[in-house]
Structure formats: structure tokens, C-alpha cells
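Just so it is clear, none of the values below were taken in a lab; they were calculated from the coordinates. Note that this is a predicted model, so its numbers are computed, not measured. Quick reminder, even Gly has a Cβ in these numbers, built from the backbone with ideal geometry, and neighbours come from all protein chains shown.
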Amino acid sequence: MPTPSAAVLITGCSTGIGRATASHLARRGHTVYATARRLESLAGLEAEGCRLLALDVTDEDSMQAAVNHVVDAEGAVGVLVNNAGYSQSGALETVTPEDLRRQFETNVFGLTRMCQLALPGMRAQRSGKIINVSSMGANFTFPGGGVYHATKHAVDSLSDALRFEVAGFGIDVVIIQPGLIRTSFAETAAAAMPSSPDEGPYAEFNAALATATKEIYEEGPAARLGGGPETVAKAIERAITAKRPKIRYRVTASAHLLIPPARLMPPRVWDRMMATQFVRPGRSG
């Protein structure tokens, strides 16, 4: 019987966690297919040993082509790392239907479809790993982050269901829950903030949220509880190489410190705590 494929296919490798993971795994001897919507954004990864593919997780033909390429070359996708994603922040009333759909298309629907496309090859070889990059935010919700947090709650729920459904085929499903990671995440989140009219009911809230997001990830005291993208890359490698990987890997001190109390705290107590950190719309005066 041929040796099962252990080739790693990673989505969202142009920056941040995806790029760090592709680089780290390739340097550690793994066969890595690094992907992004634009091949030119992957410059430098080929020299580190990665194989490059164009892949847009919001486009069916693109997803099928990327998975088929790996299957043709390797026999199957041995490890799928679903990393592509971003944060759509802003008061919920100000998020357009188009931005809402785009967030779920990237963070949830694309991730789910990639699993569906990779699973037949994994089942055929009776082995494989699916690594879904979620967030500590799957366990609680910050004001102004409802859309993003909803996608991460969805990722965790889908992963929990899938883990049971494919275990009998020799396939592991692992959830990675990064805390604060110093990448372009905050800059992207701030840029995606809805533009409210200067006198709109959420103008002050959204403006303060954009500033706070950048400060938390880059400058404030909480940033010291975070880490660089390589910390997530190392956790993903541990999940890939473990004979019996954990169901969830929490990454950085911020995830370990914030998740337990947030899960135990009554909702109204959580709201009162959030009111000390965020402008409350309608009560700013």
C-alpha cells in the first residue's frame, strides 16, 4: 500500500499566520503548498521550499483547481490548514449586507468548502488532518466585533461536528485559537471599519473602535500578552506532527488568560466590563 500523502495545503499565505506557517513548515522539511489569491503576494516563499498556488476561497473554480493540483501531484491533500480570514469590525447596524456576506464567504463558507474538497482524498488513504484557524474570539464577543466573532463561533461549531464525522476514516480535525497576534490583522480590521456619517449614532463608537483595535494589537499593555505569527506556526506544526493531537490549541498568553473567565462570567457582568473598555453608543454624552 502506498505511503499516505502528508502534503500540506495552506490557505491565506500572503501575510501573517499563513505566511509564517508555510515558511516554518517548509524549513522543517514538510511538503508545503502555499496559496493566496495573487501569486505575486507569495514572493519569497518559493525560495524557502514552498510550492505556490493561486487560491481564492470565495471562488469555487479556484478552490477546486488548487485541491485537484495537489491531489494530482501527491495523491491527496494530507494536511489542510484553513487559515484564510480577516476581521470585519463595526457596529452591527452599520455593516452593509455586502460586507456581511463577504466576511462569511471568506471565514466560514470557503473554509467549509475546502474541507469538503480535501476530504475524499483523505478518506481514500484513511488518514489526514484538517487544521482550522479560529480565534480566542470563538469563546466570547467584543463590542463592534459581532460579525467577526460570529464567523469564529461558526468555525468552532463546524469543526466540532466534523471531528466526530470523520474520525472513523482516520482523519483528525484540530482547532487553533490564537489570541492577540502581531500581524497586519489590526490594520486590516481598522481599514474594513464601516464609514459612518459624522453625526451618525455610531460615528463615535466606530471611530473609537478603530483606534482601540490598533492600540490593543500594537501598542497597549495587552499587546505584551500576544505574540508573533510564528507562535501560531509552531502550534500548527505540533498539531500536524502529533500522533493524537489536541482538539484545541490556545496560542499566546492572552488566549490562556481571557478565555476561562469570559466563559464563566455572566453576560451582564461581561457587558459591564466591556463598558469600561468601549464607548457605549447612545450613552457617550
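Please give me the summed charge of the neighbours of ASN68: other residues whose Cβ is under 13 Å from its Cβ, Lys and Arg +1, Asp and Glu -1.
Local charge sum for ASN68: -4.
Most exposed first by the Cβ proxy, i.e. fewest other Cβ within 10 Å, how do MET273, MET122 rank?
Lowest count first: MET273, MET122.
Is there a pair in LYS129/LYS152; LYS214/LYS243; LYS129/LYS234 whose C-alpha atoms are over 27 Å apart, and which pairs would that be?
Exceeds cut-off: LYS214/LYS243.
Given springs between every Cα pair under 10 Å in a Gaussian network model of the chain, which of ILE259, ILE236, ILE131 has the largest fluctuation?
With Cα springs under 10 Å in the chain, the top fluctuation among ILE259, ILE236, ILE131 is at ILE259.
Compute the signed sum of charges (Lys and Arg +1, Asp and Glu -1) over the other residues within less than 15 Å, Cβ to Cβ, of THR96.
Charge balance in the 15 Å sphere: -2.
Net charge within 13 Å of ARG248 by Cβ-Cβ distance, Lys/Arg positive one each and Asp/Glu negative one each, not counting ARG248 itself?
+3
Please list, by residue number, every one of the trypsin sites (Lys or Arg not before Pro) in region 8-71 that is coil in DSSP and has at most 12 other beta-carbon atoms within 10 Å.
ARG38
For region 77-131, which chymotrypsin sites (Phe, Trp or Tyr not before Pro) are in a loop by DSSP, counting at most 15 other Cβ atoms within 10 Å?
Answer by residue number: there is no such site.
Identify which of the listed values of mean projected area of the Cα convex hull in nm² was calculated from the structure shown: (i) 16.7; (ii) 15.4; (iii) 14.0.
(ii)
Identify which of GLY49, GLY16, GLY168 has the largest mean-square fluctuation in a Gaussian network model of the chain, with springs joining Cα atoms closer than 10 Å.
Of GLY49, GLY16, GLY168, the Gaussian network model singles out GLY168 as fluctuating most.
So if I take the centroid of the Cα atoms in region 223-285 and the same for region 108-125, what is the distance between those two points in Å?
One Cα centre to the other: 27 Å.
How big is the charge dipole of the chain about its Cα centre, in debye rounded to the nearest 20, if each Lys and Arg gets +1 on its Cβ and each Asp and Glu gets -1 on its Cβ?
My answer is approximately 1300 debye.
For region 55-127, which trypsin sites (Lys or Arg not before Pro) pass both filters: DSSP loop (anything but H, G, I, E, B) and at most 16 other C-beta atoms within 10 Å?
Those satisfying the criteria are ARG126.
Which residue, PRO97, PRO245, PRO229, has the most motion in a Gaussian network model of the chain that connects Cα atoms within less than 10 Å?
PRO97
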